[in-house]
Amino acid sequence: MNVYDATRMADLLGREGYAETADEAEADLVILNTCHIREKAAEKIYSELGKLALEKREREASGREMKIVVAGCVAQAEGEEVLRRQRAVDLVVGPQSYHRLPDLLKQAKGGQRLTDTEFAVEDKFDALPQPSRAQIRARGVSAFVTVQEGCDKFCSFCVVPYTRGAEVSRPVTDIVAETRRLVDAGVREITLIGQNVNAYCGVDEKGAEWSLASLLGRLAEMQGIKRLRYTTSHPVDMAQDLIDAHEAIPKLMPFVHLPVQSGSDRVLKAMNRKHTVADYLDIIARLRRARPDVAMSSDFIVGFPGETDEDFEATMALVREAGFASSFSFKYSPRPGTPGAERADQIDEEVKRARLAALQTLLEEQRQAFNAAMVGKTIDVLFEKPGRHEGQIGGKSPYMQAVHVSGPADMIGEVGRVAIVAAGSNSLAGRLVSAGEEAKA
Ligand code: SAH
Ligand code: SF4
């Protein structure tokens with residue numbers, strides 16, 4: 001979602017005459033779009049700001065200007081404290097008010113230091129300009145579209161409900177219009193995003209409510225779209241119509257990111273996740289019935305307060321039973337203001353480290369095995385860009401694996417059939433297969 005937000009900020013400021021640069025030293029304006037989910041991410045901001053402050057001072061000594069903005073969830077959570085901790089920061093703007101950046105920047109030019117962290121999510125989407133065809137093209141054939149923001153779940157470890165605010169779904173027509181514009185400019189894969197994307201419940205022009213499954217069905221009808229994905233889902237909102245959509249909509253990729261966090265019912269309860277391990281396994285079973293080639297990925301937290309060795313072993317057992325194509329796993333990080341952080345039974349750092357290492361070893365084995373099992377199969381690849389070597393093109397498998405083949409650049413934006421010949425640790429190598437050749441085989 002931060003990638004999407006950063007893109008929209010770039011669109012917005014493009015209209016004000018700003019252009020993006022990859023070189024900090026060239027920038028008149030630097031925006032740090034920040035993440036507050038774990039302490040490590042949040043702390044990085046202040047060391048980054050320290051470096052920028054030096055640059056700003058040098059710049060100002062030679063009579064040139066540099067404005068520094070802190071956006072995102074650290075801005076939301078820490079607000080004015082950011083201005084206090086780092087004098088060089090000009091503006092602090094939250095994830096639901098960044099559409100006001102042009103106005104705020106005008107005020108900052110007059111020397112004011114401001115904070116805007118209002119939850120104005122509906123105004124935000126109305127105020128943001130759509131990107132030009134050239135901007136869309138420059139960003140490639142795969143794009144994100146935010147359909148839902150915020151969260152009402154209050155898992156006891158998580159800051160998102162406090163930093164992104166309450167659950168809000170965008171109207172169907174807005175999403176269709178934004179998607180149409182992307183597809184008309186050459187985008188071929190759309191990933192619908194939201195903190196709780198499968199809790200999506202948006203209204204159409206008649207005021208009727210649509211589920212995520214209905215929305216996916218509508219977008220799948222759009223000419224030019226080749227692939228649809230959605231992320232991130234919560235197990236509790238994994239409705240049967242969404243599971244059925246995996247059978248009914250061939251464009252919907254058979255790869256579902258469904259965070260489980262823990263394999264222990266006791267810990268899940270303490271985390272306020274509102275589902276059990278059995279519920280989770282049942283969802284996977286129903287998904288596999290709907291779409292037998294579906295693969296799963298997940299998020300895990302180890303060392304939640306009170307997690308015993310037995311609880312952790314239950315997580316390892318769940319991973320062995322479910323089997324994941326890829327995953328993200330983290331040590332529990334106490335976040336200010338969340339119930340988990342208040343608990344007295346915090347887990348030792350050393351124990352967390354050892355559990356994370358064991359879990360990541362198992363998850364990595366599963367990822368490698370999943371990749372290795374692709375060798376010998378013929379799969380669809382959406383080509384996205386030229387490969388590293390001359391005459392090569394690169395793309396993604398249905399399971400988000402990077403795939404390289406020898407092939408013509410005009411296949412970028414197309415889905416090709418590829419026979420996988422080798423699996424490296426981070427990508428697959430394949431050979432383009434013609435329809436005739438595949439039919440013979
Ligand atoms: N809405 C999604 C995920 C949002 S945050 C969901 O409900 O699953 C992304 C991931 O960050 C989470 O799935 C969780 O694994 C991790 N995370 C969130 N808070 C954390 C914390 N305090 N410590 C460690 N990991 C955390
Ligand atoms: Fe955080 Fe996701 Fe739980 Fe919401 S559902 S509180 S975003 S982990």
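The values are calculated or read from the model by the stated rules, or taken from the named source; none is laboratory data. Here the structure is a predicted model, which means the values were calculated and not measured. All Cβ positions, even for glycine, are placed from backbone atoms using ideal geometry, and neighbour counts span all protein chains on display.
Values for this structure:
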item	result
Criterion violated by residue 160 - all others in (1) within 16 Å of ligand 2 (Cβ to nearest atom); (2) among the aliphatic types (A, V, I, L, M); (3) crowded, with 18+ Cβ neighbours inside 10 Å; (4) over 18 Å from the mean Cα position of the chain (by Cα) satisfied	(4)
From the options 227, 170, 137, 180, residue that is in contact with a Lys or Arg (Cβ under 7 Å, 6 or more places away or on another chain), of a type outside the set (S, T, N, Q), in the same structural domain as residue 332 (by TED's automatic domain parsing) and away from ligand 2 (no atom under 16 Å from the Cβ)	227
Members of the stretch 93-132 found to be of a type outside the set (A, V, I, L, M), within 18 Å of residue 17 (Cβ to Cβ) and surrounded by 18 or more Cβ atoms within 10 Å (Cβ to Cβ), listed by number	98, 99, 100, 131
Residue check for residue 327: within 16 Å of ligand 2 (Cβ to nearest atom), in contact with a Leu (Cβ under 6 Å, 6 or more places away or on another chain) and among the small types (Gly, Ala, Ser)	yes
Some residue of the stretch 297-309 being more than 16 Å from ligand 2 (Cβ to nearest atom), free of Cβ contacts under 8 Å to residues at least 60 places away in the same chain and not in a loop (DSSP other than H, G, I, E, B)	yes
Output for the stretch 136-176, where each listed residue is among the acidic types (Asp, Glu) and within 14 Å of ligand 1 (Cβ to nearest atom)	149, 152, 167
Criterion violated by residue 329 - all others in (1) part of a loop (DSSP other than H, G, I, E, B); (2) surrounded by 16 or more Cβ atoms within 10 Å (Cβ to Cβ); (3) of a type outside the set (D, E, K, R) satisfied	(1)
Close pairs from the stretch 191-217: first without any contact (Cβ under 8 Å) to a residue 60 or more places away in the chain, partner within 14 Å of ligand 1 (Cβ to nearest atom) and small (Gly, Ala, Ser), Cβ under 7 Å, at least 6 apart	197/233; 198/233; 200/194
Cross-chain or 6+ apart pairs with Cβ under 7 Å, the stretch 233-249 first and touching a residue at least 24 places away in the same chain (Cβ under 8 Å) and within 24 Å of residue 271 (Cβ to Cβ), then basic (Lys, Arg) and outside any loop (DSSP other than H, G, I, E, B)	243/286
Only listed residue being more than 16 Å from ligand 2 (Cβ to nearest atom) and of a type in the set (Phe, Trp, Tyr), chosen from 4, 18	18
Breaking point among (1) on the phi > 0 side of the Ramachandran plot; (2) within 12 Å of ligand 1 (Cβ to nearest atom), for residue 323	(2)
Wholly within the stretch 344-411, strands (runs of 3 or more DSSP E) carrying at least 2 residues that are touching a residue at least 40 places away in the same chain (Cβ under 8 Å) and surrounded by 14 or more Cβ atoms within 10 Å (Cβ to Cβ)	378-386
Qualifying residues in the stretch 252-278 (those that are of a type in the set (Lys, Arg) and part of a loop (DSSP other than H, G, I, E, B)) - the one farthest from ligand 1 (Cβ to nearest atom)	274
Any chance residue 242 is under 21 Å from the mean Cα position of the chain (by Cα) and at pLDDT 95 or above	yes
From 335, 343, 286, residue being under 30 Å from residue 372 (Cα atoms) and of a type in the set (Lys, Arg)	286
Number of the exception - residue 156 against (1) hydroxyl-bearing (Ser, Thr, Tyr); (2) touching a Ser or Thr at 6+ places or on another chain (Cβ under 8 Å); (3) more than 30 Å from residue 236 (Cβ to Cβ)	(3)
